[in-house]
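K.L.:
Sharing a structure here in structure tokens format.
The values are calculated or read from the model by the stated rules, or taken from the named source; none is laboratory data. The model shown is predicted, which means the values in this text are computed figures rather than measured ones. Here the Cβ positions follow ideal geometry from the backbone for every residue, glycine too, while neighbour counts run over all protein chains shown. Surface areas here come from the heavy atoms of the whole protein model, side chains and all, with no ligands, DNA or RNA. Shrake-Rupley method; radii C 1.70, N 1.55, O 1.52, S 1.80 Å.
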Amino acid sequence: MYIIYPTFQPTLIISLSDTFPKPNFKEKKKRKKKRGYSLCLLSVACAYTAPATMGQSPSAALDRESSFSHRFGFLSSSSLGSSDGFSDEILANRDYTAEIPDECLAYVFQFLDPGDRNRCSLVCKRWLCVDGWSRHRLSLDAQSEIEASLPSIFMRFDSVAKLTLRCSRRSISLNDGALVAISIRCQNLTRLKLRGCREISDEGMSAFAKNSKNLRKLSCGSCTFGAKALNAVLDYCSNLEELSVKRLRGIHDGAEAIGPGAAASSLKTICLKELVNGQSFEPLVVGAKNLKALKIIHCLGDWDRVLQLIGNRNRNGKENIHLNNYNSKDNNDALMEIHLERLQVSDIGLSAISKCTKIENLHIVKTPDCSNYGLVSVAEHCKLLKKLHVDGWRTNRIGDEGLVAVAKHCPNLEELVLVGVNATHLSLGAIASNCSKLERLALCGSGTIGNTEIACIAAKCMALKKLCIKGCPISDIAIEALGSGCPSLVKIKLRKCRGVSCEAGEWLREQRGSLVINMDACEVDGGFEASVSNGGIHEVGVDYPQVVSQVTDRDASTSSNGRLALLRSKFGLFASRNIVACTFRRWSNNDDSFNSNL
């Protein structure tokens, strides 16, 4: 079959059978990912979908299909060289996409990446127009030089709902006037992200908020406006659901209090990062009635008081519900996610948030004043906990006592990440036995997690699917235990475990053929530093290459009398083999995160 593409150049004839051969079963998914494939769908749609979409009768659609076949019959292999059919002038001027409705064309554009969409917009004026009104996301380099072009930009993209304005440190950003002009033209704006827009002041943000009352998400970082601007947003944008503030220079010591404003009943997520005076958000955090997620990361000051106010508010809300005989399911003001990282918070704060009994996701990261006492309090009251991330920062204040309490009171635990926590088989065995739904486990930088602990996990964690071990003193014996345990395991990651050999990894791969193994046993060990942040485990200066197996003949001959011989006698797997293979492969970023939303 042949298709004619309309372009500004003389008509281009493309054969689908030659350019896009029918993929086999294995390559089908890969081909569909290619954006060029969507262009073919667009061309085919012009022939087959237009009649039905435009409201024509089935008989008319049938005639259209027959007409299509007749039109392109001259291009068949038997008549390619024939002079019968349409004249060259008709071929050059006919546009077979003209009958596709704009909505259908816009739908096909959704499958293209921004680069392909830009190229499609150059085909003709109609495609340019359709691409403009069907784009709902726009990201601009917000330098002052583009201010003169803003009217034409937003005249073309008049349906933008998600806008990002980003400016580098070395450039001058858009000012208040430009932001107000954008708010006037973008009436459908629901999400705004500002990065490095240092020329926008409190007055500009206030004027923007008055014109953008439908705003639902605001994220600002490295800007100079302060509390006045945020209060204006909270007062005028009553539908605001998410607020993220990072390195806001206008919020300093002595700044006025922020919130709660008209958005107090709609806010569901608040994220505060790297603020000098984050306590100025106390009225907002406490007054947000329907808050579901609270993230406070690397903000100065004592946060125990704020957490106490949150806990007391939640307790008072429960008492009111009980007095009014309301069903507990109608309690929509339950905080479900709390992320505390690099903060001055102690067991007092943890005990306070334990009053939020519906917490499902808790991150306690690099808070040196938190100990087993606080974690026990949380575990005893937050029995719905599903995700727990603890980075003890190697202070040795959180250990077996706190984890045993988690195992005892949180049977719904699905994800556990322990970094710098000296856990032993006592706590890990209890978690493996009582938390039957545990699917994701990460153990990093612990000097007490060895072969005994891994053997305990392998024997009892029946539902475990992903396992990460980094910087722990385990050996090939632990790998042998994993070979027969954890029947649901699909991915395992081993990093900086010096006692594990690549031969053991290859043996595990042979024992569990479907298991994806990522290890660096053949690499030279280096420094170790791991931290848990927003998305899960973040490595500092280290990537996760995946080991597949490759050893040269020379390497095999020199090592066959050493570890290889030991493994032959222990595992009995190399009797018929002379070489074990080991090469490097990389997992995708989605597979690297233990905090994927499964």
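K.L.:
Roughly how big is the stretch 108-160's charge dipole about its Cα centre, with Cβ charges of +1 (Lys, Arg) and -1 (Asp, Glu), in debye to the nearest 20? Intermediate values should be presented prior to the final figure.
P.N.:
Numbers: 7 positive and 7 negative charges, 64 e Å.
The calculated dipole for the stretch 108-160 is roughly 300 debye.
K.L.:
How are the alpha carbon pair distances in the stretch 189-232 distributed across 10 Å bins from zero to the largest one, expressed in percent?
P.N.:
Whole-percent P(r) values from 0 Å outward: 28, 64, 8.
K.L.:
So, one more: Dipole magnitude of the stretch 200-279 about its Cα centre, charges +1 at Lys/Arg Cβ and -1 at Asp/Glu Cβ only, in debye to the nearest 20? Please report the intermediate quantities before stating the final value.
P.N.:
Numbers: 10 positive and 8 negative charges, 56 e Å.
In debye, rounded to 20, the stretch 200-279 gives about 260.
K.L.:
Please compute the Cα-Cα pair-distance distribution of the stretch 160-314 with 5 Å bins starting at 0, giving whole percents from short to long.
P.N.:
2, 10, 20, 24, 21, 13, 7, 3, 1, 0
K.L.:
Mind ranking 277-285, 135-143, 447-455 by how tightly packed they are, going by the mean number of other C-beta atoms within 10 angstrom, highest first? Could you put the intermediate results ahead of the total?
P.N.:
Values: 277-285: 21.4, 135-143: 17.1, 447-455: 19.9.
In decreasing order of mean packing, 277-285, 135-143, 447-455 become 277-285, 447-455, 135-143.
K.L.:
While we're here: Under the classification rounded if a/c is under 1.5, otherwise prolate if a/b is larger than b/c and oblate if not, where does the stretch 415-456 fall, given a ≥ b ≥ c as square roots of the Cα gyration tensor eigenvalues?
P.N.:
Details: a/c = 2.03, a/b = 1.28, b/c = 1.58.
Here the stretch 415-456 falls in the oblate category.
K.L.:
Run the numbers on the stretch 424-480 and let me know its relative contact order in percent, using alpha-carbon pairs under 8 Å that are six or more apart. All intermediate terms of the calculation are to be shown ahead of the outcome.
P.N.:
Details: 81 pairs, mean separation 25.3, N = 57.
For the stretch 424-480, the relative contact order is 44 percent.
K.L.:
If you don't mind, there's one more thing I want to ask. So if I average 1/r over every pair of distinct C-alpha atoms in the stretch 223-272 and take the inverse, what Kirkwood radius in Å does that give?
P.N.:
Numbers: mean 1/r = 0.0900 Å⁻¹.
Every distinct Cα pair counted, the radius reaches 11.1 Å.
K.L.:
Here is a further query. Just to check, using Stokes-Einstein with a Kirkwood Rh over alpha carbon pairs, what's the diffusion coefficient of the stretch 89-239 at 10 °C and 1.306 mPa s in µm²/s?
P.N.:
Calculated translational D: 94 µm²/s.
K.L.:
Cross-link list 213/295; 383/466; 295/408; 125/210; 210/292; 246/465: which exceed 32 angstrom alpha carbon to alpha carbon?
P.N.:
Listed pairs above 32 Å: 125/210; 246/465.
K.L.:
When a/c reaches 1.5 or more, the comparison of a/b and b/c decides; with that in mind, is the stretch 174-266 rounded, prolate or oblate per its Cα gyration tensor?
P.N.:
Values: a/c = 1.62, a/b = 1.09, b/c = 1.49.
Verdict is oblate for the stretch 174-266.
K.L.:
Rounded, prolate or oblate: which fits the stretch 389-491 when a ≥ b ≥ c are the square roots of the eigenvalues of the alpha-carbon gyration tensor, with rounded for a/c under 1.5 and prolate only if a/b beats b/c?
P.N.:
oblate
K.L.:
Counting only protein heavy atoms and a 1.4 Å probe, tell me what percentage of the stretch 164-281's accessible area is made up of carbon and sulfur. If you can, show how the numbers build up before the last one.
P.N.:
Working: 2090 of 4810 Å².
In the stretch 164-281, the share of accessible area belonging to carbon and sulfur is 43 percent.
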